[in-house]
C-alpha cells in the first residue's frame, strides 16, 4: 500500500479562522458546526439525567425537591429531544453526506443551510435562557391546561426556543428534499442511491409536514398564556385534549425523525462490514417511506387514557401495529444481509449489531404499548420510559455513534484508536442495558414515572439503573476523548479505509470543498460489492 | 481550479454548485412548493381547531361572526384578489423582460397589500373598542360569552398570522423591486419573481378560506 498522505487541498484547510466557519456555505463545515452544537446539548441533557438517576438511587426524595425534580426531567427531555435527537443524524451526518452520496457539490440551498444552523442556535439560546433563569416543569410534552394556566415556570422562553428550532428542522428537511430531487449526479437514479439517502428523504418528509404543526401548536399555547386567548381553556369551552392531538400529530412522527436516519446509517454499516449488497434493497427503501407515512397515522396511541373514544383507540391501536411491518422488514433484511456475509467486527459494525438488538427490543415493547389493554396498565410507568429509551438511546444514539465512527475518517481524514473505540462501544452497550432493562421491570411492577420518591421495594432495580447510567456516561465520554485526539494524532485514513463502496469513498479524506474533482458519473448500483467497477475501488 | 469553470461562460446568476440555470430554477421552484406545503400544515392546525369548535358551538360562532364588519371584509377580499392579478402580471412582464412594467406591477401589488393591512388594522381597532378581544376585558352577551371568546381567539390568531404573512410578502416584494431595479431580473432569469408570486398567491388563497369561514357564517339564516 502506498504511503497515505493528506490531500493538499480539502474543506478543512480551505480558509482558516473563526469567520471562515461562521460564514461558511459548505455543507461539510455546517455539519461540523451542528456537530459541536448537538454534542454540547447532548452533554447538557446528560447532566440532567445524571441528577435524575442520583435522586432515584434512594427511595426517599432526598437529593432534590419534588419541584426541582419536575424541572430536571422536563429539561432532560426538552434538551435531548429537540436539541440533540432530532437534529443529530440529519443535521450532522445528513448534512455532511447527502451531497457527497449523490455526487453533488453542495446542498441545493447553501445559505439556507447555514441559516438553519443559526436558527437552531437561536432556539437553543432561548431554551438555555429558560433553564438558567429558573427552568421549566411542564414535562417535555407541555400539556395544557397546566402549561397555559398553572405552571409558574419559564414556559414561554422554552416554548419559543422549540418554536424557533423547529424552523431549522423544516429548512433542513426542505433542503434535503430539493437536493435529492434535483442535484443527483448523472446516472445516480433513485434506486441507485444509498439507503441512507432514502431514509433521509423519508425523514425530511416528516420534518416538513410535521414540524409546522408543532409550531402552530406552540404558538397557540403562547397566545393563550400571554394574551389570555382561549384555544385549550376548558372554562371557555376549549378542549385541552385538542392540544394533545396536535402535539402528538408532530411528536409521534418526531420519533421517526429520530430513528429513521439511524436505520439508514445501519443499512450503510451492515453492507460495508458484511461486504454485501443490502438484502432486498427496494423493500428497505420503501419501508422508510412506509414508516414515514404510517407514522403520521398513529399519534392516538399516546392518548389511550386521555379521554379518546374507544373506537378511535381501536383504530389507532391497529394502525400502530402496522408500523411494525416496515420496521420488521428492515430488521429482517439487515439480518439477511449479514447471513453468509463476510462480516468484520470493526467499531461501526459493533454499533450496528447493538442497534439491531436494542431496536428490536424497543420495537417489540412498542407493540405491548400499541395494545390498548396492556397500555392502560403500564401508562405513565417506567415501562414507557424504558421503551422509548430503547428506541431513542438504543436506536438513535447507537446509529448516530456508529455512523460517526464509520464516517469519521472521511470527516477528519484520520483514524481513531480502534481498540479504545471497540472498548467504549462495549461499555455503552453494557451501560445502556443495565440502565434501561431494569426500568421495564420497574414499570411492569407499577413504578410511575416523573416522581422523585418511590416505595423501598423498588430500590434494588433503581440502584441497578443508576449504576448502569454511570457506566453509560463513561461510555459516552471515552469517544469524546479519542475522537478529539485522533484529529491531531490519528493515523491518516486515506480515501477508503474500510474498503467500502459508495461515492463518499471515491473522493479524498477529507473531501475537497466541492466534494469531487469531477462530477461523478454513476454506472453501478448501491453496495456493488460483488462486481467492482473500474475506478470505483480504493 | 474547478474544471467546470473553464467549459463555458456562466450566467451571472448561476450559483457555483448548480450545473445549469435550468437546474437552479427547478430547485428554487421545488423549494418554494415544499415551503408552501409546510405552510398548509401550519395554517392547518388552526383550521382544525376552527372546524372542531365551530361544530361544537355553531350558534355562538354565528352570533360572534355577525360582529365582524362584512363590508370591510368584502372590500379587503377584492383588494387582495386584485393584488394577485397584479402579481401575476408582474411575473408575465418579467418573463417578457419588460423591466419597467415589472416595477409598476410590483408597486401596484405592494400598494394593494398595504391597503389590505390598513383596512385590517381599522377592523382590529374596532374590535378593540368593542371589547371583543379575548381575555380579561372581553365583553359579549352573557349567553355566548364563553364560546364567543373561542371564536374571537381564532379570529385574531388566524387573521393575525395571515397579516404577518402579508407583511413578510411586502418585504419580499421590496427585495424583488430592488433586484428588478438594479437589473438582476431578466427574461432568462426571472425565477425569483415567479416564486415570490407563488408565495403571494398562497397568502391570498389563505384569505379566500378565512373570509367565508370567519365573516359569512350563517349569513343565509339571518
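The values are calculated or read from the model by the stated rules, or taken from the named source; none is laboratory data. Note that the structure is a prediction, hence the values are computed from the model and not measured. So basically every Cβ, Gly included, is an ideal-geometry build from the backbone, and we count neighbours across all protein chains shown.
Is it true that residue A:130 is more than 28 Å from residue A:26 (Cβ to Cβ), assigned to a helix (DSSP H, G or I) and under 21 Å from the mean Cα position of the chain (by Cα)?
No; evaluated as a whole, the condition is false for this residue.
Taking the criterion of being assigned to a loop (DSSP other than H, G, I, E, B) and within 27 Å of residue A:156 (Cβ to Cβ), would at least one residue in the range A:109-117 satisfy it?
no
Is it fair to say residue A:242 is within 14 Å of chain B (Cβ to nearest Cβ), in contact with a helix residue (DSSP H, G or I) (Cβ under 7 Å, 6 or more places away or on another chain) and surrounded by fewer than 24 Cβ atoms within 10 Å (Cβ to Cβ)?
Considered against the rule, which asks whether it is within 14 Å of chain B (Cβ to nearest Cβ), in contact with a helix residue (DSSP H, G or I) (Cβ under 7 Å, 6 or more places away or on another chain) and surrounded by fewer than 24 Cβ atoms within 10 Å (Cβ to Cβ), residue A:242 comes out as yes.
From (1) at pLDDT below 95; (2) surrounded by 15 or more Cβ atoms within 10 Å (Cβ to Cβ), pick out the condition that doesn't hold for residue B:77.
(1)
I'd like the residue in the range A:223-234 that is more than 7 Å from chain B (Cβ to nearest Cβ) and surrounded by fewer than 24 Cβ atoms within 10 Å (Cβ to Cβ) and, out of all such residues, is farthest from residue B:158 (Cα to Cα).
Checked the range A:223-234; the qualifying residue farthest from residue B:158 (Cα to Cα) is A:234.
Being under 26 Å from residue A:118 (Cα atoms) and part of a loop (DSSP other than H, G, I, E, B) is the requirement here; does residue A:141 meet it? First the steps, then the outcome.
Details: under 26 Å from residue A:118 (Cα atoms): yes; part of a loop (DSSP other than H, G, I, E, B): yes.
Yes, satisfied.
Mind listing whichever residues of the range A:101-115 are under 24 Å from residue A:403 (Cβ atoms) and either surrounded by fewer than 20 Cβ atoms within 10 Å (Cβ to Cβ) or more than 13 Å from every other protein chain (Cβ to nearest Cβ) (or both)? Show your work before the answer.
Residues of the range A:101-115 under 24 Å from residue A:403 (Cβ atoms): A:101-110, A:112-114.
Scanning the range A:101-115 gives A:101, A:112, A:114.
Can you give me the ranges of the helices (runs of 4 or more DSSP H) entirely in the range A:316-421 with at least 3 residues that are closer than 22 Å to residue A:484 by Cα and touching a helix residue (DSSP H, G or I) at 6+ places or on another chain (Cβ under 7 Å)?
Once the helices (runs of 4 or more DSSP H) in the range A:316-421 are filtered for at least 3 residues that are closer than 22 Å to residue A:484 by Cα and touching a helix residue (DSSP H, G or I) at 6+ places or on another chain (Cβ under 7 Å), what remains is A:347-370, A:398-412.
Identify, by number, the condition in (1) closer than 30 Å to residue A:518 by Cα; (2) more than 14 Å from chain A (Cβ to nearest Cβ); (3) assigned to a helix (DSSP H, G or I) that residue B:120 doesn't meet.
Result: residue B:120 fails condition (1) only.
Considering only residues that are out of contact with any helix residue (DSSP H, G or I) (no Cβ under 6 Å at 6 or more places or on another chain) and not in a helix (DSSP H, G or I), look in the range A:145-177 and name the one that is surrounded by the fewest Cβ atoms within 10 Å (Cβ to Cβ).
Across the range A:145-177, the extreme among qualifying residues is A:152.
What number of residues within the range B:158-180 satisfy the criterion of being in contact with a helix residue (DSSP H, G or I) (Cβ under 6 Å, 6 or more places away or on another chain) and within 13 Å of chain A (Cβ to nearest Cβ)?
Qualifying residue count, the range B:158-180: 3.
For every residue, the table says whether it meets (1) more than 10 Å from chain A (Cβ to nearest Cβ); (2) out of contact with any strand residue (DSSP E or B) (no Cβ under 7 Å at 6 or more places or on another chain); (3) modelled with pLDDT of 95 or more; (4) over 19 Å from residue B:74 (Cβ atoms).
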site	(1), (2), (3), (4)
B:92	yes, yes, yes, yes
B:108	yes, yes, yes, yes
B:116	yes, yes, yes, no
B:138	no, yes, no, yes
B:141	yes, yes, no, yes
B:154	no, yes, yes, yes
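Which of the following residues is within 30 Å of residue B:149 (Cα to Cα), touching a residue at least 24 places away in the same chain (Cβ under 8 Å) and more than 8 Å from every other protein chain (Cβ to nearest Cβ): A:187, A:264, A:210, A:166? Walk me through it before giving the result.
Values: A:187 fails: within 30 Å of residue B:149 (Cα to Cα); A:264 fails: within 30 Å of residue B:149 (Cα to Cα); A:210 fails: more than 8 Å from every other protein chain (Cβ to nearest Cβ).
Just one listed residue meets the conditions, A:166.
Has the range A:478-487 got at least one residue that is touching a strand residue (DSSP E or B) at 6+ places or on another chain (Cβ under 8 Å), in contact (Cβ under 8 Å) with a residue 24 or more places away in the chain and either more than 29 Å from residue A:270 (Cα to Cα) or part of a helix (DSSP H, G or I) (or both)?
Of the residues in the range A:478-487, the ones touching a strand residue (DSSP E or B) at 6+ places or on another chain (Cβ under 8 Å) are A:486-487.
Retained after the next criterion (residues that are in contact (Cβ under 8 Å) with a residue 24 or more places away in the chain): A:486-487.
Subset that is either more than 29 Å from residue A:270 (Cα to Cα) or part of a helix (DSSP H, G or I) (or both): A:486-487.
The answer is yes; a qualifying residue exists.
Let me confirm something: among B:128, B:156, B:151, B:145, which residue is closer than 30 Å to residue A:232 by Cβ, more than 21 Å from the chain's Cα centre (by Cα) and surrounded by 15 or more Cβ atoms within 10 Å (Cβ to Cβ)? Show your work before the answer.
Working: B:128 fails: surrounded by 15 or more Cβ atoms within 10 Å (Cβ to Cβ); B:156 fails: more than 21 Å from the chain's Cα centre (by Cα); B:145 fails: surrounded by 15 or more Cβ atoms within 10 Å (Cβ to Cβ).
Of the residues listed, the single one that is closer than 30 Å to residue A:232 by Cβ, more than 21 Å from the chain's Cα centre (by Cα) and surrounded by 15 or more Cβ atoms within 10 Å (Cβ to Cβ) is B:151.
Which one of the conditions (1) surrounded by fewer than 21 Cβ atoms within 10 Å (Cβ to Cβ); (2) within 22 Å of the chain's Cα centre (by Cα) does residue A:34 fail to meet, given that it meets all the rest?
(1)
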